[in-house]
Amino acid sequence: MASNTIVAGRVLQPKKHIWVALTGIYGIGKTRAVKICMDVGIEASTKVNDLSDDQLDEIRSKVSDFTIEGDLRREIRLNIKRLMDIGCYRGKRHRRGLPVNGQNTKNNARTRKGRRKGTKG
């Protein structure tokens with residue numbers, strides 16, 4: 001019951017349920033977090049404060065089986081770079097900052113395209 005519970009280089013928030021705290025790690029969503037809890041044999045609604053050191057060690061070992069945080073970010077960045085290097089359609093869309101997965105761009109796509117560029121005159 002340490003004050004700073006660290007898993008995969010991230011400090012888990014002590015007053016949250018363990019499955020919610022695990023989703024704070026990049027690469028772990030709700031489904032994977034609940035699965036980790038089931039594999040370790042911990043109730044997913046257990047608070048992080050209430051976990052013993054042995055349970056935390058088991059969680060750390062389960063989490064280390066997955067590609068997470070910096071390694072996952074690097075892998076995704078390299079995949080996108082590869083698409084841009086080979087010049088495929090998706091790579092060109094990434095390069096130009098446009099939606100990649102077939103979305104329309106006439107009216108929407110402001111998140112990818114950025115702010116509107118006004119015209120003078």
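Being among the charged types (D, E, K, R) and surrounded by 15 or more Cβ atoms within 10 Å (Cβ to Cβ) narrows it down to one residue among ARG60, ARG93; which is it?
ARG93
Looking only at segment 61-98, which residues are more than 23 Å from LYS113 (Cα to Cα) and of a type in the set (Val, Ile, Thr)?
Matches in segment 61-98: VAL63, THR67, ILE68.
Could you please give the count of residues in segment 71-89 that are under 22 Å from TYR26 (Cβ atoms), of a type outside the set (A, V, I, L, M) and free of Cβ contacts under 8 Å to residues at least 24 places away in the same chain?
7
All but one of (1) assigned to a helix (DSSP H, G or I); (2) charged (D, E, K, R); (3) touching a Cys at 6+ places or on another chain (Cβ under 8 Å) hold for GLU43, so report the exception by its number.
(1)
Every residue in segment 68-98 that is among the aliphatic types (A, V, I, L, M) and part of a helix (DSSP H, G or I), please.
Scanning segment 68-98 gives LEU72, ILE76, LEU78, ILE80, LEU83, MET84, ILE86.
Which condition number does ASP65 fail, the rest of (1) in a loop (DSSP other than H, G, I, E, B); (2) surrounded by 11 or more Cβ atoms within 10 Å (Cβ to Cβ); (3) without any contact (Cβ under 8 Å) to a residue 24 or more places away in the chain being met?
(2)
Is it true that GLU58 is within 22 Å of the chain's Cα centre (by Cα) and either free of Cβ contacts under 8 Å to residues at least 12 places away in the same chain or part of a loop (DSSP other than H, G, I, E, B) (or both)?
no
Looking at segment 97-121, I want the residues that are in the same structural domain as GLY87 (by TED's automatic domain parsing) and over 22 Å from LYS81 (Cβ atoms) and have a partner that is hydroxyl-bearing (Ser, Thr, Tyr) and modelled with pLDDT of 90 or more with Cβ atoms under 7 Å, at least 6 apart or on another chain. Which pairs are those?
So the pair list comes out empty.
The values are calculated or read from the model by the stated rules, or taken from the named source; none is laboratory data. Everything numeric in this text was worked out from a predicted model, so none of it was measured. FYI the Cβ positions are ideal-geometry reconstructions off the backbone, even for glycines, and counts take in every protein chain you see.
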